[in-house]
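Colleague: Quick one: this structure, given as structure tokens, is what I'll be asking you about.
Please treat every number below as a calculation from the coordinates, not as lab data. All of these numbers come straight from a predicted model, not from anything done at the bench. Quick reminder, even Gly has a Cβ in these numbers, built from the backbone with ideal geometry, and neighbours come from all protein chains shown.
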Amino acid sequence: MPAVSKGDGMRGLAVFISDIRNCKSKEAEIKRINKELANIRSKFKGDKALDGYSKKKYVCKLLFIFLLGHDIDFGHMEAVNLLSSNKYTEKQIGYLFISVLVNSNSELIRLINNAIKNDLSSRNPTFMCLALHCIANVGSREMAEAFASEIPRILVAGDTMDSVKQSAALCLLRLYKTSPDLVLMGEWTSRVVHLLNDQHMGVVTAAISLITCLSQKNPDEFKTCVSLAVSRLSRIVSSASTDLQDYTYYFVPAPWLSCKLLRLLQCYPPPEDGAVKGRLVECLETILNKAQEPPKSKKVQHSNAKNAILFEAISLIIHYDSEPNLLVRACNQLGQFLQHRETNLRYLALESMCTLASSEFSHEAVKTHIETVINALKTERDVSVRQRAADLLYAMCDRSNAKQIVAEMLSYLETADYSIREEMVLKVAILAEKYAVDYSWYVDTILNLIRIAGDYVSEEVWYRVIQIVINRDDVQGYAAKTVFEALQAPACHENMVKVGGYILGEFGNLIAGDPRSSPLVQFNLLHSKFHLCSVPTRALLLSAYIKFINLFPETKATIQEVLRCDSQIRNSDVELQQRAVEYLKLSSIASTDVLATVLEEMPPFPERESSILAKLKKKKGPGAVSVTELEDSKREGGELNGGGDRGPDTAAMAASNASTPSPSADLLGIRSAAPVGAAPASAGSLLVDVFSEAGPIAPSAAVNDDGFLRFVCKNNGVLFENQLLQIGIKSEYRQNLGRMYLFYGNKTSVQFASFTTTVSCPGELQSHILSMHLCTKPVEPLVEGGAQIQQVLNIECLTDFSDAPLLNIKFRYGGALQNLTLKLPVTINKFFQPTEMTSSDFFQRWKQLSQPQQEAQKIFKANHSMDTEVLKAKLLGLGTALLDNVDPNPENYVCAGVIQTKGQQVGCLLRLEPNAQAQMYRLTLRCSKDSVSRRLCELLAEQF
Amino acid sequence: MIKAILIFNNHGKPRLSKFYEHYNEDTEQQIIRETFHLVSKRDENVCNFLEGGMLIGGSDYKLIYRHYATLYFVFCVDSSESELGILDLIQVKVFVETLDKCFENVCELDLIFHVDKVHNILAEMVMGGMVLETNMNEIITQVDAQNKMEKSEAGIAGAPARAVSAVKNMNLPEMPRNINIGDISIKVPNLPSFK
């Protein structure tokens, strides 16, 4: 018998639905609906009590109307009344209405809560389930307040029915997600974890979602779930396909639960207990083996269920990243799937391989599949799969295969779906830059990119190629030659004109020797594109022209002619008109010397994070670009930018447009310092006026904290250095006081003007945490070339803190405003007093600090040599006492110290366990104050 | 976590929408439209996963869908769910097979005319965005129990109302006036003789 007999349907409802379906127009439908709403309203308002059947019918009608996208603004009160009925049908309809139509802010919540309370205490399992469902569906704060303490009790009570337990588990999860502060697990923790052992698989299924969520938030409290999960998993995996009866699904025992167990294990590092770990590895191997067995059924459901488990197992293997053998097997398995005929499997295999590519053990193994992946990119019919293939190519790219991958991506771009082109362009640009060995290849690649997908090349991409060309002498000639050739194409993209204009304006002289690209030819080529371009590009071209006058005096007459013509000098666009007028004037009255100064070649760009990467991150959402990748590119970006902290941009190319920042002024991604040098007074009053306003104030540049972490374990050294400036630090700390000497060295032969430094404490650091007294007179405003000036900073630690103070330095170098913000390496550990103690003292105190929040732990890969002496030096530099003969394992290090703040003293114990074989560390900190544990753990994890 | 479960037909008419996170009505309708737009333009035989629309949270969320005859079943989930697991969940384990069992070869009309039942079945399977039960028989048992309760209540309380409406709807002329029972011969089964 079917569970719902069709004859039972409500006739009135059926008629109404048929009416709606027969409506010929939207208007007719709305009319019919309004009629019905009026009818229902009058029935609800009417004084005759409605029977359960009618109530149910009307509520179903409302639900249907709601589903069609109409607002329902009445009936809530009636629904709430239904809740207190003792008939199942009425109660159930009431709850249904509420869970679909009542939002969490409703004023009715109080009434609803009352009804729920009654049902929860009714001991009728059906009613209890209805009530729990309602809480889980609405999940408001008020509900959490009312029931957060009640539900764990229901969940773990011995006499609760299984179906109620299931609902209670998920209900609690929902409340925990909306109001974690109200759900206190404390006393229930262990009993909840033991639900993993429950006999009823449904209870385990529901409980595991709860436990997974709680473990993510409080890993330490729920640590015991690991061994339970492993043994449950092992029982499922090793069971015969018939053992689990109803939970066996197409010959696969409990696939859903297996997946969830594997997910839960991904919240934790590999189990420490050898036996547990062994059992788990065995499970994982069994799962991998089963994948190779012939299928027990031809049905797609069978393979889906089996592979769902397999993919979760592979995720876990990748998460552990410590079993080379399993990693390689996982990679081979995924490799098989790459060529599977099921599209879903190819999709998932590409996705998993993406994460596998970042593991050092399997990176090489992933690379062997490059041909298959490229093939997928070319031949897959499904854009989602192609997208994954592109992602994987991006992830597996390294120096050895960059050229091949970039070439493939470029050729794919020509036919790529519009939806993924922009992202592809960004990826190509990043890979080309990151793995460029010779920069002519880089320039070729980007120009190709502009040629193929010019519309999708965002500003960041062409800014970046210009930054790189400017900063690399060796590629400038080649770049000039290549853009010149590219511009010869009859139709070329506007972005190409921009790059061409900029590069020829700077480096056109490098190819001017060849009569085929003589100055005049170059100019005519650029100018032939001029009329087809948008205003910002034309503005850029005008700036290129004035640069031409400086580079090639012989073009002066021609260019002046162009500038003088009405379409320029009377252009309706203010920006263009101003440029034309000013450039014309500049070229006619300034002497060649002045021109040469004003229009000098652009100085190198400062080192910075690639704006392209930032863009990709923004596009893909946070977390999409891994941190290592980011740091990689920072390093590499640094190499090719070669430092230098001048901040000129397109606007600076033109000496005169500082007063009206042009749209293209944003070459650096931030509007940092603008104008070129203070032109000599003779350069024309116009310019002097412009610059006498001190130029636009540059907003502070991105904070540079490269140096910051290097000073956690040391007090003296060079904090920052670029082509212009070197900043050295010497510091000493005693109790809660510190003194820091800052040395600013001018590395150039030109004086820095208006040199100012300011120290600021972001956020609450200022008022509550740390007081910093700048004790010296402000530094001299002038720093002569080659000179060094000194500044003293007094520091007092009031209470513990996490942020670092910022040092902002502003000065003018050759007229360009330089703006630099650094994190000052004042960290909490500077206020350590070492404490010597015996082994027994140490362990006694260790045990005293046993509250979970007092401990902070981190497991991380070694970034530096694991040499004993180096480690010891670092730990001593930290400021703590390094205790010998305390830890039973001589490989480990333990330290103790007291952090002195004005208000209190914070005792800290540290234990560092190196694992030379895995090149990993485990760092554990226990401090009497939990914020200190966390902060120290963060700081130290970067040091080893 | 499952963020939303949507069922709509080939023309984008919603047949079931269940959101496990709160949106206002307008946004819900927009999400349904956007999802339909994303899903319906895909060919058959492509994969069953795609990135979510912007309204539902973009690339952090996946749409996992199945197309059965006239209906699309779409689950919008975050990265904590196994894609194939959810696919099974839609396909069989639960949703479609359970509906099938409950309605005997479910079709679009069943979903239209029994919104409440579909919601009830769904509630036995997913609660607050998490999977409650994957065992089809267990789900059907629960649904059966509910139906029984419904019937029994209809038996007592619903009887008067039903009777009234039944009388009203009676088409008297077609009522048989004479009820001819005919020959009723009651056969007594052979009982085993006691020894």
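Colleague: Quick one: which of A:531-540, A:817-826, A:30-39 comes out on top by average Cβ neighbours within 10 Å, and what's the full order, highest first? Show your work: numbers first, answer last.
Modeller: Details: A:531-540: 17.7, A:817-826: 21.9, A:30-39: 14.6.
By packing density, highest mean first, the sequence is A:817-826, A:531-540, A:30-39.
Colleague: Relative to the first principal axis of the alpha-carbon coordinates of chain A, what is the inclination of helix A:611-620, with its axis defined by its Cα atoms, in degrees from 0 to 90 and to the nearest 10?
Modeller: 20
Colleague: Could I ask something else about it? In peptide A:87-97, what is the residue-averaged number of other protein chain Cβ atoms found within 10 Å of each Cβ? Mind showing how you got there, number by number?
Modeller: On the way: counts 8, 7, 9, 2, 0, 7, 1, 0, 3, 5, 1.
Per-residue shielding by partner chains comes out at 4.
Colleague: Just checking the output field for B:110-122: average partner chain Cβ neighbours within 10 Å of each residue's Cβ?
Modeller: Details: counts 3, 0, 8, 9, 8, 12, 14, 5, 1, 7, 6, 2, 0.
Rounded to a whole number, the mean comes out at 6.
Colleague: Testing the spin-label approximation: label points 7 Å from Cα along Cα→Cβ at A:K26 and B:Y68. State their distance in nm.
Modeller: About 3.1 nm, to one decimal.
Colleague: Can you tell me the dipole magnitude for region B:2-149 around its Cα centre, using point charges on the Cβ only (Lys, Arg +1; Asp, Glu -1), in Debye to the nearest 20? Don't skip to the end; give the middle numbers.
Modeller: Values: 13 positive and 23 negative charges, 50 e Å.
The dipole magnitude comes to about 240 debye.
Colleague: By the gyration tensor of its Cα atoms, with a ≥ b ≥ c the square roots of the eigenvalues, what is the shape of region A:348-438: rounded for a/c under 1.5, prolate for a/b over b/c, or oblate? If you can, show how the numbers build up before the last one.
Modeller: On the way: a/c = 1.78, a/b = 1.12, b/c = 1.58.
Note, shape of region A:348-438 comes out oblate.
Colleague: Between the helical axis of A:52-67 and the dominant principal axis of chain A, each derived from Cα atoms, what acute angle in degrees is found, rounded to the nearest 10?
Modeller: On a 0 to 90 degree scale, this one is about 20.
Colleague: Same structure, new question: For A:381-388, what's the mean count of beta carbons from other chains sitting within 10 Å of each residue's beta carbon?
Modeller: On the way: counts 4, 7, 5, 9, 4, 0, 3, 2.
Per residue, the average neighbour count from other chains is 4.
Colleague: If you don't mind, there's one more thing I want to ask. Taking every Cα atom in region A:325-376, find the radius of gyration and the maximum pairwise distance Dmax, and write them in Å.
Modeller: 10.0, 29
Colleague: Let me ask you something else. Return B:L38, A:L262 ranked ascending by Cβ neighbour count within 10 Å, so the fewest neighbours appear first.
Modeller: Fewest-to-most ranking of B:L38, A:L262: B:L38, A:L262.
Colleague: Here's a follow-up. Would you grab the residues whose amide H sits under 5 Å from the one on A:S84? Only those 5+ places off in sequence or on another chain, please, with H modelled 1.01 Å from N.
Modeller: Here nothing satisfies the definition.
Colleague: Over 19 Å between C-alpha atoms is what I'm after, so list which of A:K434/A:K615; A:K223/A:K858; A:K306/A:K367; A:K55/B:K101; A:K26/B:K13; A:K177/A:K929 land there. List each step's numbers first, then the result.
Modeller: Working: A:K434/A:K615 15 Å; A:K223/A:K858 15 Å; A:K306/A:K367 26 Å; A:K55/B:K101 27 Å; A:K26/B:K13 13 Å; A:K177/A:K929 27 Å.
As for pairs spanning more than 19 Å Cα to Cα, those are A:K306/A:K367; A:K55/B:K101; A:K177/A:K929.
Colleague: A further question on this structure: Dipole size in debye (nearest 20) for chain A around its Cα centre, Lys and Arg Cβ +1, Asp and Glu Cβ -1?
Modeller: Working: 101 positive and 102 negative charges, 640 e Å.
Roughly 3080 debye, rounded to the nearest 20.
Colleague: Continuing with the same structure: What is the Cα coordinate range of chain A on the first, second and third principal axes, sorted by size from largest, in whole angstrom?
Modeller: Sorted from largest, the Cα extents of chain A read 99, 87, 63 Å.
Colleague: Distance check, please: which entries in A:K24/A:K56; A:K277/A:K378; A:K217/B:K18 exceed 30 angstrom between their Cα atoms?
Modeller: Working: A:K24/A:K56 28 Å; A:K277/A:K378 42 Å; A:K217/B:K18 27 Å.
In this structure, A:K277/A:K378 lie more than 30 Å apart at Cα.
Colleague: Also, I was wondering about something else. In what order do A:F251, B:F19, A:F222 fall by count of nearby beta-carbon atoms within 10 Å, going from fewest to most? Provide the component values of the computation, followed by the final result.
Modeller: Details: A:F251 16, B:F19 20, A:F222 23.
Listing A:F251, B:F19, A:F222 from fewest to most nearby Cβ atoms yields A:F251, B:F19, A:F222.
Colleague: Can you give me the C-alpha center-to-center distance between region A:30-86 and region B:104-145, rounded to a whole angstrom?
Modeller: 23
Colleague: Please give the helix A:930-941 orientation as an angle from the longest Cα principal axis of chain A, in degrees from 0 to 90, rounded to the nearest 10.
Modeller: Roughly 50 degrees, rounded to the nearest 10.
Colleague: Considering the alpha-carbon set of region A:474-579 alone, what are its Rg and its Dmax in angstrom?
Modeller: 13.0, 41
Colleague: Let me ask you something else. Taking amide H atoms as placed 1.01 Å from N in the peptide plane, list the residues 5 or more away in sequence, or in a different chain, whose amide H sits under 5 Å from that of A:L883.
Modeller: Excluding prolines and chain starts, which carry no amide H, the hits are A:V894, A:C895, A:A896.
Colleague: A follow-up question, please. Taking other Cβ within 10 Å of each residue's Cβ, how do A:S25, A:S190 sort, fewest first?
Modeller: Values: A:S25 8, A:S190 13.
Fewest-to-most Cβ neighbours within 10 Å comes out as A:S25, A:S190.
Colleague: Let me ask something else. Rounded to the nearest 500, what is the 222 nm mean residue ellipticity of chain A from helices alone, with -39500 (n - 2.57) per DSSP H run of 4+ residues and division by all residues? Walk me through the numbers before you get to the answer.
Modeller: Details: 40 runs with 492 residues, N = 944.
Result for chain A, helices only: -16500 deg cm²/dmol.
Colleague: Relative to 2.2 N^0.38 Å, what does the C-alpha radius of gyration of region B:2-149 come to as a ratio? Two decimals please.
Modeller: Working: Rg = 14.5 Å, N = 148, 2.2 N^0.38 = 14.7 Å.
Computed over Cα atoms of region B:2-149, the ratio equals 0.99.
Colleague: Could you please state, rounded to a whole Å, how far the C-alpha centre of region A:406-453 is from the C-alpha centre of region A:565-607?
Modeller: Result: 33 Å between the Cα centres.
Colleague: Another question, then. Using Cα-Cα distances under 8 Å and only pairs 6 or more residues apart, what relative contact order does region B:2-149 have, in percent? Please report the intermediate quantities before stating the final value.
Modeller: Working: 198 pairs, mean separation 31.0, N = 148.
Computed value for region B:2-149: 21 percent relative contact order.
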